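Data block below; observations after.
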Amino acid sequence: MGELNRKTKKAIKEKKKWNERIEVSRHIAEFNGELFYYVLFLNLFGLPQGAVAVRNDGDTPGRDIAKKVVFKVSSYNNIMRFAGQSKDGMKDIVKRPIKTMKTVENQVKEYFGEVIPVEHPLHKELTLLIDLCKTMQENQPKFVKMFKEICAIAESQEIKKVLTAETFDRIHEIFIEWHVLLYKEQRMQLLNFYDIPLIKNHVDKSNKGKKLNKTLENMHTEKRRESFVKFLEGVIQKEVGDINNLSYSSEDVDSFRRLKIKEGYQMFESNLAPQIRN
């Protein structure tokens, strides 16, 4: 158990069962000016069976404080794991070839014109496609900046070890904002996916429209559709709320943000809170 003092080690051992092993988080939570360890009790297969928060002097706080400590440290660990994932994590988004969306935007404007008049039969569909391209281009620098900040915080935490309220609040804010931006993109992309056949019907498949037609074909694959649907079906747990009727409007994006925040607390209360032994 690392550099824990004797009293703290004793308090932790008193909470464990005989056949459990102890895993102490590397990150120590600061709460109301006091420092607390977050400890997991694992079974023989390495699966969590219980948790406890212990003050660095060996005192075990009441359940209310323990829940706050466990929520912060466990959430921090989960967010950092998400950031480090190369598939379906932050790294995938940071590395995506976003220049493609500028190409799509240019091809659409070159074929249909810089401004799509309201009376145009494809005004709604083309406006969505152009807005999608712009949104993804505007979001990419934000994703890169957030990822770099998360990495900087992780590096700093490896040295400091103490997780302050300010640090936790910031990574939680980044985590939520990341999903909010991605939700809007994915919702727009799925709606655009169903518009593409209609747009293609208005594009000459040779000469001037050859490049645009090929681009639209590449954007309209089953693999892409499945990717959008998978994200939208899994980004919010069903027991937390249903986002099927949400669009990408500002109001609906705000509704999504509230649900994503609620999800973290609700999943904690359902899954981890019952394991706390304080």
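The values are calculated or read from the model by the stated rules, or taken from the named source; none is laboratory data. As the structure is a prediction and not an experimental result, all values here were calculated from the model. Neighbour counts are summed over all protein chains in view; Cβ atoms, including those assigned to glycine, are modelled from backbone coordinates with ideal geometry. Ligands, DNA and RNA are stripped out before the accessible areas are found, and what is left, the full protein with its side chains, is counted by its heavy atoms. Shrake-Rupley method; radii C 1.70, N 1.55, O 1.52, S 1.80 Å.
Step by step: first the residues of the stretch 91-105, then only those that are of a type in the set (D, E, K, R) and closer than 25 Å to residue 172 by Cα, then the one that is most open to solvent (accessible area, probe 1.4 Å). Which residue is that?
95
Just checking, does the stretch 53-61 include any residue being exposed (fewer than 15 other Cβ atoms within 10 Å of the Cβ) and within 30 Å of the chain's Cα centre (by Cα)?
No.
Go over the candidates 159, 171 one by one and state the one that is assigned to a helix (DSSP H, G or I) and either open to solvent by less than 20 Å² (accessible area, probe 1.4 Å) or touching a Ser or Thr at 6+ places or on another chain (Cβ under 6 Å) (or both).
Just one listed residue meets the conditions, 171.
Looking at (1) modelled with pLDDT of 95 or more; (2) more than 21 Å from the chain's Cα centre (by Cα); (3) open to solvent by 60 Å² or more (accessible area, probe 1.4 Å), which is the one condition that is false for residue 208?
(1)
Open to solvent by less than 50 Å² (accessible area, probe 1.4 Å), assigned to a loop (DSSP other than H, G, I, E, B) and either at negative phi or aromatic (Phe, Trp, Tyr) (or both): which single residue out of 153, 130, 116 fits that description? Write out each step before concluding.
Working: 153 fails: assigned to a loop (DSSP other than H, G, I, E, B); 130 fails: assigned to a loop (DSSP other than H, G, I, E, B).
Only one candidate passes the filter, namely 116.
Which of the residues belonging to the stretch 79-90 are exposed (fewer than 15 other Cβ atoms within 10 Å of the Cβ) and in a helix (DSSP H, G or I)?
81, 84
Only residues that are over 15 Å from the mean Cα position of the chain (by Cα), buried (at least 16 other Cβ atoms within 10 Å of the Cβ) and not acidic (Asp, Glu): list them for the stretch 229-277, please.
Of the stretch 229-277, the ones over 15 Å from the mean Cα position of the chain (by Cα) are 229, 238-252, 254-255, 266, 268-277.
Then keep just the ones that are buried (at least 16 other Cβ atoms within 10 Å of the Cβ); that gives 240-241, 243, 246, 248, 252, 255, 268, 272-273, 276-277.
Result: 240, 241, 243, 246, 248, 255, 268, 272, 273, 276, 277.
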